[in-house]
Amino acid sequence: MTERSELAPEILDYYLRGREDGRLRSGRGRLEFWRTQDVLRRVLPPAPARVLDVGGASGVHAEWLAADGYRVEVVDPVPMHVEQAAALPGVVARVGDARALEAADGSVDAVLLLGPLYHLTDRADRVRALAEARRVVRPGGVVAAATISRWAAVHDMIRLGRYTEEPVRRVADDSARDGLLRGDERTGFTTAYFHDPDEITAEFADAGLPDARRYALEGVFSLYAEVDEWLDDPERRGLLLDVARRSEGEPTLLGIAGHMLTVAHA
Ligand SMILES: C[S@@+](CC[C@H](N)C(=O)[O-])C[C@H]1O[C@@H](n2cnc3c(N)ncnc32)[C@H](O)[C@@H]1O
């Protein structure tokens, strides 16, 4: 296992470029954002519940959660993210690591892990992060964790027209083989772990969170070339979000979605 509070240097460098704050606010990133919001609004306990947003970055979700009346604390290992999140109205933020949370046992109503699990490349670290979430949430509280799907890099590189480049194809193919995206600029991301859909429920169970439910976030829709135009147009956006919601639990589509959200009750 890596040192608990240690963020791999290439992951820190990647986030210090400051692109995370805009990622979900424009383009096809909006589909991930709106779908995450849609699922969370259905599964979270009602406001003013206490939500610990671990790996919350600059607070892109903390912002609307606070506006919805939740008491939100962001925990993130990147000090720049913590400064950005702490500047948001109603949001508290601190530097920390998903594997060793400072929060007391049973002290929050919900824990979000929308990022840490796909940057923890050792299974033991991911289970530890989930077990920490399980520890700090009250009995009956909610743990929700995002994962990136195993074939995401291959799908993205084909969509972006980069899969024809041999070095890019090798990195993407390797990640589909063993789940590990080896920190490589060529794919536009950093060191990450990409889950098979069935792995994540086993990791939840090993952390004391059985009976987790999985939700496809973007579904297949973020792979369509026209998705931006659909999201720009309120009528077509409504249709897209509606069908994404109706197909979110369809087992045959789970691994196609770029991101999945897995939710369990403590
Ligand atoms: C892609 S961003 C996701 C941000 C936001 N939660 C979202 O859903 O868009 C991943 C975040 O996880 C954070 N992170 C990486 N490793 C972590 C760890 N071990 N503990 C807590 N957060 C971590 C990063 O600093 C980054 O802010």
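Go over the candidates R25, R30, R50, R4 one by one and state the one that is modelled with pLDDT under 95 and either over 28 Å from L241 (Cα atoms) or surrounded by 14 or more Cβ atoms within 10 Å (Cβ to Cβ) (or both). Exactly one of R25, R30, R50, R4 is modelled with pLDDT under 95 and either over 28 Å from L241 (Cα atoms) or surrounded by 14 or more Cβ atoms within 10 Å (Cβ to Cβ) (or both), namely R4. When T252 is tested against (1) more than 23 Å from Y163 (Cβ to Cβ); (2) of a type in the set (S, T, N, Q); (3) in contact with a Lys or Arg (Cβ under 7 Å, 6 or more places away or on another chain); (4) not in a strand (DSSP E or B), exactly one condition is not met: (3). Do we have R177 as closer than 23 Å to D122 by Cβ, among the charged types (D, E, K, R) and assigned by TED's automatic domain parsing to the domain that holds Y118 here? Answer is no for this residue. P116 falls short of the stated requirement of being away from the ligand (no atom under 11 Å from the Cβ) and either without any contact (Cβ under 8 Å) to a residue 24 or more places away in the chain or closer than 30 Å to G96 by Cβ (or both). Taken across segment 36-45, residues that are closer than 14 Å to A93 by Cβ and in contact (Cβ under 8 Å) with a residue 24 or more places away in the chain do not occur at all. P210 meets each of the listed conditions (1) at pLDDT 95 or above; (2) in the same structural domain as F33 (by TED's automatic domain parsing); (3) on the phi > 0 side of the Ramachandran plot apart from (3). Residues that are buried (at least 18 other Cβ atoms within 10 Å of the Cβ), among the hydrophobic types (A, V, I, L, M, F, W, C) and assigned to a strand (DSSP E or B) within segment 133-183 comprise V137, V142, V143, A144, A145, A146, I148, L181, listed in sequence order. Determine whether G106 is more than 25 Å from F194 (Cα to Cα), in contact with a His (Cβ under 9 Å, 6 or more places away or on another chain), touching a residue at least 24 places away in the same chain (Cβ under 8 Å) and more than 13 Å from the ligand (Cβ to nearest atom). No: the conditions fail for G106. Being near the ligand (Cβ under 9 Å from one of its atoms) and at negative phi is true of A8.
The values are calculated or read from the model by the stated rules, or taken from the named source; none is laboratory data. Computed from a predicted structure; not experimentally measured. We place every Cβ from the backbone using ideal geometry, glycine too, and count neighbours over all the protein chains shown.
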